[in-house]
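The values are calculated or read from the model by the stated rules, or taken from the named source; none is laboratory data. Just so it is clear, the model here is predicted, and its values are computed rather than measured. With ideal geometry, Cβ positions are generated from the backbone for all residues, glycine too; neighbour counts draw on all protein chains shown. SASA here: full protein model, heavy atoms, side chains in, ligands and nucleic acids out. Shrake-Rupley method; radii C 1.70, N 1.55, O 1.52, S 1.80 Å.
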Amino acid sequence: MTAAASASSRPADTSPTRRVAWASMVGTSLESFDFYLFAYFSAFFVGPLFFDPLGQFGATSAAFLTIALAFVVRPIGAIIFGYMGDRVGRRATLLWTVAIMGVATGLIGLLPTYAQAGWLGAILLILLRIVQGLSLGGEWGGSILIATENSGPVKRAFYAAVPQLGSPVGSILSATVFIVLTAVLPPEQIAEWGWRIPFLLALPLLLVSLYLRWSISETPVFEGLVAEGRRDRIPFVTMFVQRPAAMAIAIGAALLGIGSYSLMNTYTVNYGVEQLGFSFQDLLIATTVGGLLQLVTIPLFGAWATRVGSANVVVWGALGTLLITFPMYFLLQFATFPILVGTMIVGGILPTMAWAALGGLMNDLFPDHFRYSALSFAYALAATLSGFVPYLTLTLGEATGYAWWHPGVILAIMSAVTLVSAFLASRRRPEPELATEPESVTANA
């Protein structure tokens, strides 16, 4: 009996399956922590520390573009690590991605500012952001597959949602660090040296993450690929040849889940401070409240996806977000803390539906022999588009005099694209979880 065949006969809901899924989530949480540190950091500190000669608007724009830069290179990372994931293995690839991210984040905490070394610090910052982006290009797809390929078909949609908890956990941890930092240090000391502390924390956290990733076993599905000699030579090419429509659907379906985070956690933080008069601490607290709520809603939406299908959950999330977008931003202009918290909660729950079920939707679109490459590249390309969300929203705000509705335009467009894509995904027959099942075997490239 092959490894893949034995995998198909194992119980769908075992303790090892749960341990692998949660270990994958913890590793993803630490990577998200590293990445969100920079998101909060850029909204408030990157401009004056590294791009001060550009003026307020220019420095803020440059800070947001450093976020976009890491997203731009993510498809390259997806190609590199997707190849590794489909050829070398899911587990080994995830060890590489988390190690690269942790080291790059720690080094950001050692950079010289413009006042200390001129433009050298900005150049090194850009290079490290490129490294972070390459790492993230291979992280998400592998985390989803580690969880789903160790589970059976009944619970697969739920286990696909478990790694999605990594994003709110990383957001909560990074926001908490900055809340504590701003509470115990005055702004002058934070600007002078305190901002380095969160980034240096990535180095000890890296050791924890490496241990967790090392404890994860390779998936039975990949072991089956190796045993049956079905690994593709160039999976990146195969996925476009065999599933071009699925690739387009996957990219569109991912847009809202990723883009809403960029809009809420980066642009809204800066917009709330600069234009609406909120304090930075209030915005971090509101974001953290929204993230805490997601710790409950993501598993619930994952469980719902096992009953109605992942694509249908994404459809409802996108539709709901589209309906509440403009009322939400209209209320935000009144600048009271309860409204801010309410906005983060409501604006978080509905896009979270699209986020929680995204892994299951994309997993169903592709067969196993190029699944790592397909998930990674589709997600990375959607993330690249989303990386420009803060800058595009800022530009639209500047052009409209920061009219209350300008962030809603961006969020509505993302919601509409994801709504159409998820609807199309719901009309497609899911790929079986193992390619050894006759209907899923396709010609290798």
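Of the conditions (1) more than 21 Å from Leu375 (Cβ to Cβ); (2) at pLDDT 85 or above, Leu225 satisfies every one except a single condition; which number is it?
The one condition Leu225 does not meet is (1).
Just to be sure I understand the filter: pairs with C-beta atoms under 8 Å, separated by 6 or more residues or on different chains, first member in region 44-61 and within 20 Å of Leu284 (Cα to Cα), second member buried (at least 20 other Cβ atoms within 10 Å of the Cβ) and among the basic types (Lys, Arg). Which pairs pass?
So the pair list comes out empty.
For region 183-233, enumerate the residues that are open to solvent by 20 Å² or more (accessible area, probe 1.4 Å), among the polar types (S, T, N, Q) and touching a helix residue (DSSP H, G or I) at 6+ places or on another chain (Cβ under 8 Å).
Within region 183-233, Ser215, Ser217 qualify.
Quickly run through region 92-131 and pick out the residues that are closer than 19 Å to Ser24 by Cα and buried (at least 21 other Cβ atoms within 10 Å of the Cβ).
Result: Thr93, Leu94, Thr97, Val98, Ile100, Met101, Gly102.
Report the residue count in region 134-154 for those that are in a helix (DSSP H, G or I), more than 26 Å from Phe199 (Cβ to Cβ) and in contact with a Phe, Trp or Tyr (Cβ under 8 Å, 6 or more places away or on another chain).
Number of matching residues: 3.
Identify, please: which residue in region 334-383 is free of Cβ contacts under 8 Å to residues at least 40 places away in the same chain and part of a helix (DSSP H, G or I) and is, among those, nearest to the chain's Cα centre (by Cα)?
Leu350
For the structure I just gave you, tell me whether Thr393 is without any contact (Cβ under 8 Å) to a residue 12 or more places away in the chain, among the hydroxyl-bearing types (Ser, Thr, Tyr) and at negative phi.
Working: without any contact (Cβ under 8 Å) to a residue 12 or more places away in the chain: no; among the hydroxyl-bearing types (Ser, Thr, Tyr): yes; at negative phi: yes.
So Thr393 does not fit the description; no.
Might you let me know whether region 372-383 holds any residue that is touching a Gly at 6+ places or on another chain (Cβ under 8 Å) and open to solvent by 10 Å² or more (accessible area, probe 1.4 Å)?
Yes, that holds for at least one residue.
Check Leu385, Leu375, Leu381 and return the single one that is modelled with pLDDT under 90 and either among the hydrophobic types (A, V, I, L, M, F, W, C) or over 29 Å from Asp86 (Cα atoms) (or both).
Leu385
Please go through region 108-133 and give me each residue that is assigned to a helix (DSSP H, G or I) and in contact with a Phe, Trp or Tyr (Cβ under 8 Å, 6 or more places away or on another chain), ordered by number. Steps first, answer last, please.
As a first pass, look at region 108-133 and keep what is assigned to a helix (DSSP H, G or I): 108, 114-117, 120-133.
Matches in region 108-133: Ile108, Tyr114, Gly121, Ala122, Leu125, Arg129, Gln132, Gly133.
I'm checking my understanding of the structure. Among residues of region 255-310 that are of a type in the set (Val, Ile, Thr), open to solvent by 40 Å² or more (accessible area, probe 1.4 Å) and under 13 Å from Ala175 (Cβ atoms), which one is farthest from the chain's Cα centre (by Cα)?
Ile285
Picking from Ala99, Ala78, Ala117, Ala21, which residue would you name as being on the phi < 0 side of the Ramachandran plot and under 16 Å from the mean Cα position of the chain (by Cα)?
Ala78
Only one of these conditions is not met by Pro327: (1) open to solvent by less than 50 Å² (accessible area, probe 1.4 Å); (2) modelled with pLDDT of 85 or more; (3) not aliphatic (A, V, I, L, M). Which number is it?
Among (1) open to solvent by less than 50 Å² (accessible area, probe 1.4 Å); (2) modelled with pLDDT of 85 or more; (3) not aliphatic (A, V, I, L, M), Pro327 violates only (1).
For the list (1) more than 21 Å from the chain's Cα centre (by Cα); (2) of a type outside the set (Phe, Trp, Tyr); (3) more than 18 Å from Gly194 (Cβ to Cβ); (4) at pLDDT 80 or above, I need the number of the one condition that Leu49 fails.
Here Leu49 clears every test but (3).
I'm checking my understanding of the structure. Among residues of region 134-161 that are open to solvent by less than 10 Å² (accessible area, probe 1.4 Å), more than 13 Å from the chain's Cα centre (by Cα) and among the aliphatic types (A, V, I, L, M), which one is nearest to Gly360 (Cα to Cα)?
Ranking the candidates gives Ala160 first.
Given the criterion of a type in the set (A, V, I, L, M, F, W, C) and touching a helix residue (DSSP H, G or I) at 6+ places or on another chain (Cβ under 6 Å), identify the matching residue among Ala115, Ala147.
Ala147
Tell me, yes or no, whether region 403-414 has at least one residue that is surrounded by fewer than 24 Cβ atoms within 10 Å (Cβ to Cβ), aromatic (Phe, Trp, Tyr) and over 29 Å from Val241 (Cβ atoms).
Yes, there is a match, as at least one residue in region 403-414 is surrounded by fewer than 24 Cβ atoms within 10 Å (Cβ to Cβ), aromatic (Phe, Trp, Tyr) and over 29 Å from Val241 (Cβ atoms).
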